[in-house]
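Participant: I'd like to ask you about the structure that follows.
The values are calculated or read from the model by the stated rules, or taken from the named source; none is laboratory data. None of the values given here were measured: they were computed from a predicted structure. Note that each Cβ is placed from the backbone with ideal geometry, even for glycine, and that neighbours are counted across all protein chains shown. Note: areas computed on protein heavy atoms with side chains; ligands, DNA, RNA excluded. Shrake-Rupley method; radii C 1.70, N 1.55, O 1.52, S 1.80 Å.
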Amino acid sequence: MADETRAHGVPRRTAVAGAVVIAGAAAGCARYAEPAAEPQAPQGAAAEEGTVLGAVSEVPVGGGKVFADKKIVVTQPAKGEFKGFSAVCTHQGCVVGKVADGTIDCGCHGSKFAITDGSVKGGPAKKPLPATEVSVADGKIVTGSGGDQKPPAEEPPKEKPPAEKPPVKGLASTDEIPVGGGRVFEKEQLVVTQPVKGEFKGFSAICTHQGCTVSAVKGGTINCPCHGSKFEVDDGSVRSGPATRPLPYRSVKVDGDQIRLA
């Protein structure tokens, strides 16, 4: 055998050493060619339905909390709306570390997931966090749908009491119109009289003789200063000329203690 080895020009010890080197190289190639195993989160039994995760107060609005021991993250995107997701990052199986600024963040390689639906907001993860059903019961976050997910009904806003109506402002108060007399309102071209107590009448203040404005109500008549015409306070008829036609009626009404144009 030794002679055969020498006959081929290769010493036996050299051949054995070469075989060891080749085997070692082959083993090294196999080791470096295989992908590194992904680190996985510690395995454990899934939380049973109804398992209490924590108090509602622990999950802030617009944020969330990681319950690492249960591998569940719970968020509250809007007030009273609670969402549950697996806390195991879909990149390489790390447990996410925190919820901040609207995302669920993995500390291993920087993946970020939306608190609203678990979708990927930043890689290297490619897949969203799987949803995990959670609900609310007696102020606690529990797994499953056994609790009451609906937020407490908010009291409807109290209706504001109707604003008080401002007091009615008329031409004058009833006390300003004397019984058996009246008052002239030049701006409105109106005369208001009170022939008997509680009875108010309105007439045009334009004298039917030559269009002057009557000036006063006195002695039971409406008096024009231009030519001395006088008109009755109860119906505007002519008591003395030169006017020959009565003063036209104008509609007035009493609103509370105020006299207004109708």
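Participant: Would you tally the net charge around residue 206, using a Cβ to Cβ cut-off of less than 12 Å, leaving residue 206 out, and scoring K and R as +1, D and E as -1? Walk me through the intermediate numbers first.
Facilitator: Details: positive: 245, 250; negative: 186, 188.
Taking every other residue near residue 206 into account, the sum is 0.
Participant: Hey, another quick one. What distance in nm separates the simple spin-label points at residue 81 and residue 199, each placed 7 Å from Cα in the Cβ direction?
Facilitator: About 7.3 nm separates the two model spin labels.
Participant: Further question: In a shell of Cβ-Cβ distance under 11 Å around residue 230, excluding residue 230 itself, what net charge do Lys and Arg (+1) and Asp and Glu (-1) give? Before the final figure, lay out each step's value.
Facilitator: On the way: positive: 218, 239; negative: 232.
Net of charged neighbours comes to +1.
Participant: Using heavy-atom solvent-accessible surface (probe 1.4 Å) with all chains present, what is the largest-first order of 158, 65?
Facilitator: 158, 65
Participant: Note down the accessible area of residue 133, probe 1.4 Å, to the nearest 10 Å².
Facilitator: Taking all protein chains as shown, residue 133 has close to 120 Å².
Participant: Given points 7 Å out from each Cα along the Cα-Cβ axis, report the residue 57 to residue 174 separation in nanometres with one decimal.
Facilitator: Going from the residue 57 label point to the residue 174 one covers 6.3 nm.
Participant: Which pairs, out of 187/218; 83/160; 160/253; 70/112; 187/253; 83/158, put more than 26 Å between their alpha-carbon atoms? Write down the numbers at each step before the final one.
Facilitator: Details: 187/218 20 Å; 83/160 36 Å; 160/253 32 Å; 70/112 20 Å; 187/253 18 Å; 83/158 31 Å.
Check vs 26 Å cut-off fails for 83/160; 160/253; 83/158.
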